[in-house]
Amino acid sequence: MALYSEKVMDHFRNPRNVGIIEDADGVGEVGNARCGDIMKVYLKIEDDIITDVKFETFGCGSAIASSSMATELIKGKPVSEAMRLTNKAVAEALDGLPDYKMHCSVLAEEAIRGALEDYYNKHPEKKKGGIA
Ligand code: FES
């Protein structure tokens, strides 16, 4: 069996949603101290729906594939749903990651959660119905 699934290779080679959003409503940046990889996620939110999402990832192929898939999974979704996105769901949507690469999908979960927390910090009035 190949080490990486076709989906991982596809999202690594053709990552979706790469870039930045200048006037983002929420920005989250996380890093992994052990491997040194960094991920930044930008969100545009209207009426509690994620209308746009972009990412920049300075990291390994699995981190790039995870950010690409994670952003696809939350695009067009309510904030409350994005808040519940787990790294496991990202890895499953990629048809799996090797065990020692699971931490790469954790970065995606944390970057999105960080961006949502940034959004709530800027818009505390939106918190109702968001973070449980
Ligand atoms: Fe660190 Fe992939 S090796 S995020």
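The values are calculated or read from the model by the stated rules, or taken from the named source; none is laboratory data. Predicted model, so just to flag it, every value in this text is computed and none were measured. FYI the Cβ positions are ideal-geometry reconstructions off the backbone, even for glycines, and counts take in every protein chain you see.
Name the pairs whose Cβ atoms lie under 7 Å apart, with the first residue in segment 12-28 and closer than 20 Å to K101 by Cβ and modelled with pLDDT of 95 or more, the second crowded, with 18+ Cβ neighbours inside 10 Å and aliphatic (A, V, I, L, M), and 6 or more positions between them or separate chains?
What qualifies is F12/I64; F12/A65; P15/I64.
Answer yes if at least one residue in segment 95-104 is small (G, A, S) and either within 11 Å of the chain's Cα centre (by Cα) or in a helix (DSSP H, G or I) (or both), and no otherwise.
No.
Looking only at segment 79-121, count every residue that is within 16 Å of the ligand (Cβ to nearest atom), touching an Asp or Glu at 6+ places or on another chain (Cβ under 8 Å) and in contact (Cβ under 8 Å) with a residue 40 or more places away in the chain and tell me the total.
So the count comes out to 4.
Among the residues in segment 78-101, are any more than 21 Å from H11 (Cβ to Cβ) and touching a Phe, Trp or Tyr at 6+ places or on another chain (Cβ under 8 Å)?
So far as segment 78-101 goes, yes, one or more of its residues are more than 21 Å from H11 (Cβ to Cβ) and touching a Phe, Trp or Tyr at 6+ places or on another chain (Cβ under 8 Å).
So which residues in segment 39-74 are hydroxyl-bearing (S, T, Y), more than 16 Å from the ligand (Cβ to nearest atom) and either free of Cβ contacts under 8 Å to residues at least 40 places away in the same chain or out of contact with any Lys or Arg (no Cβ under 6 Å at 6 or more places or on another chain) (or both), if there are any at all? Even if it seems obvious, please write down each step before you answer.
Initially, segment 39-74 is screened for residues hydroxyl-bearing (S, T, Y), giving 42, 51, 57, 62, 66-68, 71.
Going one step further and asking which of them are more than 16 Å from the ligand (Cβ to nearest atom), we end up with 42, 51.
Across segment 39-74, the qualifying residue is only T51.
Any idea how many residues of segment 50-82 are surrounded by fewer than 17 Cβ atoms within 10 Å (Cβ to Cβ) and either more than 18 Å from R16 (Cα to Cα) or among the hydroxyl-bearing types (S, T, Y) (or both)?
Total satisfying the criteria: 4.
Out of G96, G76, G36, G61, I need the residue that is touching a strand residue (DSSP E or B) at 6+ places or on another chain (Cβ under 7 Å) and of a type outside the set (S, T, Y). Which one?
Numbers: G96 fails: touching a strand residue (DSSP E or B) at 6+ places or on another chain (Cβ under 7 Å); G36 fails: touching a strand residue (DSSP E or B) at 6+ places or on another chain (Cβ under 7 Å); G61 fails: touching a strand residue (DSSP E or B) at 6+ places or on another chain (Cβ under 7 Å).
The conditions single out G76.
(1) loosely packed, with under 13 Cβ neighbours inside 10 Å; (2) at pLDDT below 95: which one isn't true of E46, the others all being true?
Condition not satisfied by E46: (2).
Hey, could you check segment 7-46 for residues that are assigned to a loop (DSSP other than H, G, I, E, B) and small (G, A, S) and say which is nearest to the chain's Cα centre (by Cα)?
Step one: of segment 7-46, the residues assigned to a loop (DSSP other than H, G, I, E, B) are 14-17, 19-25, 32-37.
In the following step, the residues that additionally are small (G, A, S) were identified as 19, 24, 33, 36.
Details: G19: 13, A24: 15, A33: 18, G36: 17 Å.
Taking the candidates together, the pick is G19.
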